[in-house]
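Encoded as structure tokens, the structure appears first; notes follow it.
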Amino acid sequence: MVTTKAGSGTYVSKKILGENSSVIQNARPLELVDARFALEPHICRLAIVHGRKKDFEKLHNLLNEMEKNYKNPAIFGDTDTSFHRALAESTGNSLLIWMIEQITSVRNQDEWARMRHLTLNEEIIKLYNIQHRKILNAIENREPELAATMMREHLQTARLSLTQTADI
């Protein structure tokens, strides 16, 4: 109920338990994609400014793992989540990292898992891998607007895949 800040004082803090979990549990897959549109293109720009060699090595390793598992949607999906989280981590921005963690929480919900099962096939995984490679290449080549554009293209593909599946 209280928070103490060294050198500043003690403050009453209000925490509403379950408020975030309710938002996460009730978020629809298309809402998730829309939130990602708002964040991830800029994350690509910041990755160029703040990313270090070890960050890029991690991204390459994750991308190689995704490319290796184009026939395994479960492994691809988990690695894809890790790739997008690693992009956020490369910014060094704790608030953006936290936001991506909230998005990851949505991706772990049952409805998202069901949609992922319906949308992830060999063809779409191969396309996602090509898009991930273009994003990473643009980041490494220090082309922020191209990286952001490639991320928007990737998210648009995901959005289209979700909307087509929703029509089934």
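The values are calculated or read from the model by the stated rules, or taken from the named source; none is laboratory data. Source: prediction; values computed, not measured. Using ideal geometry, Cβ is built from the backbone for each residue, glycine included, and neighbour counts are taken over all protein chains shown. Ligands, DNA and RNA are stripped out before the accessible areas are found, and what is left, the full protein with its side chains, is counted by its heavy atoms. Shrake-Rupley method; radii C 1.70, N 1.55, O 1.52, S 1.80 Å.
Numbers for the structure displayed
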read-out	value
Estimated vicinal HN-Hα couplings, Hz - the stretch 72-87 in sequence order (Karplus 6.51, -1.76, 1.60; Gly, Pro = x)	10, x, 5, 5, 4, x, 5, 6, 4, 4, 5, 5, 5, 5, 5, 4
Equivalent ellipsoid semi-axes, the stretch 45-158, via Cα gyration tensor eigenvalues times 5, rooted, Å	22, 16, 13
18 Å reach of a label modelled at Glu122, 7 Å along Cα-to-Cβ, counting backbone N of the stretch 58-73	66-73
Accessible surface of Ile97 - all protein chains present, 1.4 Å probe, nearest 10 Å²	40 Å²
HN-Hα J in Hz across the stretch 143-154 - Karplus 6.51, -1.76, 1.60, θ = phi - 60°, x for Gly and Pro	10, x, 6, 5, 4, 5, 5, 5, 5, 4, 4, 4
Given charges at beta-carbon only (K, R positive; D, E negative), |dipole| of the stretch 26-115 in Debye	240 debye
